[in-house]
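Some notes on the structure that comes next.
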Amino acid sequence: MAESDVRVSPVSKPFIVTAVILVFAGSIIGSLWMMSLLGLDLAFARGAFSLHKSFQVDGFLTLIIMGVGYMIVPRFRNVQVPSIRLTYFSFLLVAFSVAASIVSAIGSDLSVPGAFARAAGVSIFAAITLWTLRIHPKLLRIADYFISLSVITLLAINGIHLAGYSAGNPLSGVQLLLLFPVLMIFGVEYKTLPSFIGFIRPRKRLSAVSFGLAAISVVLGLSSALHGDPLLAIAFNVALLGCAAAFAGAVYIFGGFDNSEIMRLIHGEKKARYMYTIQHSRLAFLFLYAGIAVATAFNVSSSYMLYDLAIHYTAIGFIGLTIALYLPLMLPPITGRMIRFTKFNSVPVLLVILALAVRTAGDVAITTQVTSKEVSYLLMTSGWLVVAALSTFVAMIHRSMKEEDNVIDGNL
């Protein structure tokens, strides 16, 4: 993106800023929780452990995907957000639901008004998104299908929570929460990745297969979350794995086209951005495959280790790395500053890989209960490595920014 091709779009700013604050808070709480599971006495912090999910999923993931949606979906149609006031109102409702979780953890129970506020906030987001998508695109309509399925999944999840259903498969319930950002990511990547990596169009047949399996996955996931049948959960994960594999093939995540001419012609900033996109997208999909495979295994053995790893491989490995891929592309329209990819380094992604490797070892230690005190202390670093990855990523982004004298209209 050229330095002059930045269009300021501040509507997403409160979503992104609040999401970043929440992901730090949630990661710190998660780090303390992991330390407690590995044997450290943290009685003072136990009351806050329930906030880990509230901050990370209900707060961070929901707000950042809403922020992304409010900015990118209108850009796909070259239109403005239909209502800025409703956009900010949806932000306030979701933020209130997170605040209600904090109050509920330390005193008065505000879970019911918090749940209704969250449902209202995401309903506004869904309505604005679907209203914007009513405008027929010229190309790549399947991207709209993924985005629409994403917000429909979010509405269904909130409907289940409001109705009080909780007897189903516990992992399927969490996976459905993660499926909202996963499907939104698929929609955005379908529209953008092929042009980022080679100015090519997605493969139509694989695209149709991927979306069909995505729709089947949502139906099976909702059924599993409601009824708890292990066979439903296994079928859900098999369909989801097929969806992810077909999608990766459709948008050339792992190659399938000749990019030698591109690599020969691009240099400097363009090459740095190209390699950053390739590396992060491939690694993210490997973690997604691992997360789904581990989730399938959980429904056979019901091991806590598999439950925990399925969630974190998907949430940190896939969703986290993909957000790290797209956030530098989204910040210029929000801040009016360009991002210099030549200033990037591999420290954040290496810390994420190390964090998930240490977490895997920690979950094995928790499950087998075979470890020394010294090793336990070492394994307690897994969550703090995530915090370090977040910190180094934010520092890297800040260092790579530069002020623009003139900010004019352009495209993402």
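Loop by DSSP (not H, G, I, E, B), at most 10 other beta-carbon atoms within 10 Å: where is the longest site-free stretch of the chain for trypsin sites (Lys or Arg not before Pro)? In the chain, the maximal stretch lacking such sites is 139-412.
Each principal axis of region 107-252 carries a Cα extent, and these read 54, 35, 24 Å when sorted largest first.
Using packing as a proxy for protection, rank 97-110, 169-182 so that the peptide with the highest average count of other Cβ atoms within 10 Å comes first.
On the way: 97-110: 16.1, 169-182: 23.1.
For the peptides 97-110, 169-182, the packing ranking is 169-182, 97-110.
Near the amide H of M401, within less than 5 Å, lie the amide hydrogens of R340, all on another chain or at least 5 residues away, with H placed in the peptide plane.
Based on the reciprocal of the average 1/r between different C-alpha atoms, the Kirkwood radius for region 10-402 equals 21.5 Å. Longest exposed-loop-site-free stretch of the chain, with chymotrypsin sites (Phe, Trp or Tyr not before Pro), DSSP loop and at most 15 other Cβ within 10 Å? Longest site-free region, per DSSP loop and neighbour criteria: 1-164. Can you give the relative contact order of the chain as a percent, counting alpha carbon pairs under 8 Å and 6+ residues apart? Value for the chain: 21 percent. Principal axis analysis of the Cα atoms in region 1-90 yields extents of 54, 31, 16 Å, listed in decreasing size.
Using only the alpha carbons of region 244-386, what is the convex hull's orientation-averaged projected area in square nanometres? All intermediate terms of the calculation are to be shown ahead of the outcome.
Values: hull surface 44.0 nm².
Over all viewing directions, region 244-386 projects a mean Cα-hull area of 11.0 nm².
With N as its number of residues, region 186-244 has a Cα radius of gyration that, divided by 2.2 N^0.38 Å, comes to 1.37.
Report the far tail of the P(r) of region 75-125, meaning the percent of Cα-Cα pairs longer than 15 Å.
Working: 641 of 1275 pairs.
More than 15 Å apart: 50 percent of the Cα pairs in region 75-125.
The lysine pair count for the chain, using Cα distances under 24 Å and pairs eight or more places apart or on different chains, is 14.
Distance from the Cα centroid of region 33-53 to that of region 121-163 is 35 Å (rounded to whole angstrom). Each pair of Cα atoms in region 256-298 enters the Kirkwood radius, and Stokes-Einstein at 25 °C and 0.890 mPa s then converts it into a translational diffusion coefficient of 199 µm²/s.
Throughout, read-outs are computed from the coordinates displayed, never taken from laboratory work. Given the structure is predicted, the values throughout are model-derived calculations rather than measurements. Every residue, glycine as well, gets a Cβ built from its backbone with ideal geometry; the counts of neighbours run over all protein chains shown.
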